[in-house]
Amino acid sequence: MPELPEVESTVLSLKQEIVSKTIIGVKATWPRMIEPYSIKNLRKQLTGLRVDAVSRRAKCIIISLADNDKPLPLALLVHLRMSGRLQVADSSRSPHPHSRVILCFADGSECRFIDPRKFGRFTLLSQEGLEQKLNQYGPEPLQSSFRAKNFYQALQSKKRSLKPLLLDQQFIAGIGNIYADESLWEAGIHPLRAADSLSFDEAKQLLKAIKRILRSAIRLNGTDFGDGVVHNGRFKPRVYGQNGKQCKRCGKELERLVVAQRGTVVCNTCQR
DNA sequence: CAAACTCCCTGTTAGC
DNA sequence: TGCTAACAGGGAGTTT
């Protein structure tokens with residue numbers, strides 16, 4: 001499922017593909033993914049506008065819009081959720097059967113929001129609405145200003161266990177099930193540990209692991225899911241989805257447990 | 001404040 | 001082989 005690295009690599013390619021293109025139409029085969037829930041409104045608002053910029057915050061893709069050369073107080077926020085992806089293709093190529101929302105551009109290309117499970121969201125927001133939405137998210141883990149001291153202090157104020165806390169987008173942005181498990185394994189810390197039980201050094205190691213794993217996954221274009229259905233990256237998880245296999249560090253069998261209703265893979269020997 | 005559910009969905013897989 | 005039921009999971013919302 002798309003997390004920070006997958007969203008980041010999507011944004012990097014979208015920047016190349018859709019910036020400065022003019023929207024001439026919008027199609028939707030599953031309009032319930034649109035917020036506010038109105039394809040007519042979306043079409044009316046977007047037609048004639050130009051894509052000014054594409055950026056990322058947390059797991060959100062932000063498509064900023066312009067009217068000719070004036071940036072508009074209007075943006076599209078795309079959330080891929082479980083199974084979404086954005087694909088740019090020529091309109092002459094027939095769209096994937098799971099295409100749900102399509103932006104049509106003046107040059108004959110299209111940006112297609114493909115999402116088999118329909119969990120994704122395609123939201124039109126004002127500048128204030130966007131700011132309000134993005135302010136709800138916790139710190140960006142890759143921002144250099146986010147240091148071990150900040151992370152340690154934040155952990156100290158929470159009694160929850162680490163796994164649900166890392167998945168909590170208000171606590172830290174962009175981490176999902178894959179990179180939470182990978183980071184905890186890398187740092188040698190158990191997902192059930194209470195946040196406030198970590199020493200400063202453990203918090204430092206965990207943040208270091210998070211940053212290293214996320215950077216590495218971005219460089220590799222996201223996770224390799226084998227079948228390539230969701231995303232075709234080359235990051236190979238060492239614990240996520242690897243239950244029953246041998247731990248790459250100690251050789252013991254990796255175990256699966258359920259933490260906060262989420263599948264979690266852990267090495268009970270390496271992670272304490 | 002935190003944990004546990006529920007809902008939204010469908011492709012995949014385990015079980016019979 | 002072919003069917004059905006369970007499962008997966010991000011996020012928003014509700015209940016315990």
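Values computed for the structure shown
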{"item": "Length released on extending from A:R262 to A:S157, taking residue separation times 0.36 nm less the Cα-Cα span", "result": "35.5 nm"}
{"item": "Choice from A:T29, A:T123, A:T223 showing the highest fluctuation, given a GNM over chain A with Cα pairs closer than 10 Å", "result": "A:T29"}
{"item": "Segment A:R219-A:S199, length gained on full extension (0.36 nm per residue, minus Cα span)", "result": "4.2 nm"}
{"item": "Spherically averaged projected area of the range A:148-266 from its Cα convex hull (nm²)", "result": "7.3 nm²"}
{"item": "Per-residue Cβ neighbour rank within 10 angstrom, fewest leading, A:R56, A:R256", "result": "A:R256, A:R56"}
{"item": "Candidate lysines - alpha carbon under 25 Å from A:K163, same-chain residues fewer than 8 apart omitted", "result": "A:K59, A:K133, A:K149, A:K204, A:K208, A:K211, A:K236, A:K245, A:K248, A:K252"}
{"item": "Cα gyration tensor shape of the range A:70-137, rounded if a/c is under 1.5, else prolate or oblate by comparing a/b with b/c", "result": "oblate"}
{"item": "CD proxy at 222 nm, helix term only [per DSSP H run n ≥ 4: -39500 (n - 2.57); per residue of chain A; nearest 500]", "result": "-8500 deg cm²/dmol"}
{"item": "Chain A: Cα Rg divided by the 2.2 N^0.38 Å rule of thumb", "result": "1.08"}
{"item": "Two-site FRET efficiency, A:R272 against A:K40, from Cβ-Cβ distance with R₀ of 51 Å, rounded to 0.05", "result": "0.35"}
{"item": "Highest-MSF residue in chain A out of A:E253, A:E131, A:E35 [GNM, Cα springs under 10 Å]", "result": "A:E131"}
{"item": "Cβ-Cβ FRET estimate between A:R93 and A:Q169, R0 fixed at 45 Å, reported to 0.05", "result": "0.85"}
{"item": "Label-point separation, A:A148 to A:N232 (7 Å along Cα→Cβ), nm", "result": "4.0 nm"}
{"item": "Max mean-square fluctuation residue, GNM over chain A, Cα-Cα springs under 10 Å, options A:S92, A:S83, A:S197", "result": "A:S92"}
{"item": "Volume in Å³ per residue [convex hull over Cα atoms, computed for the range A:1-134]", "result": "92 Å³"}
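Read-outs: derived from the displayed coordinates by stated rules, not from any lab. Since we're looking at a predicted model, the values are computed, not measured. Using ideal geometry, Cβ is built from the backbone for each residue, glycine included, and neighbour counts are taken over all protein chains shown.
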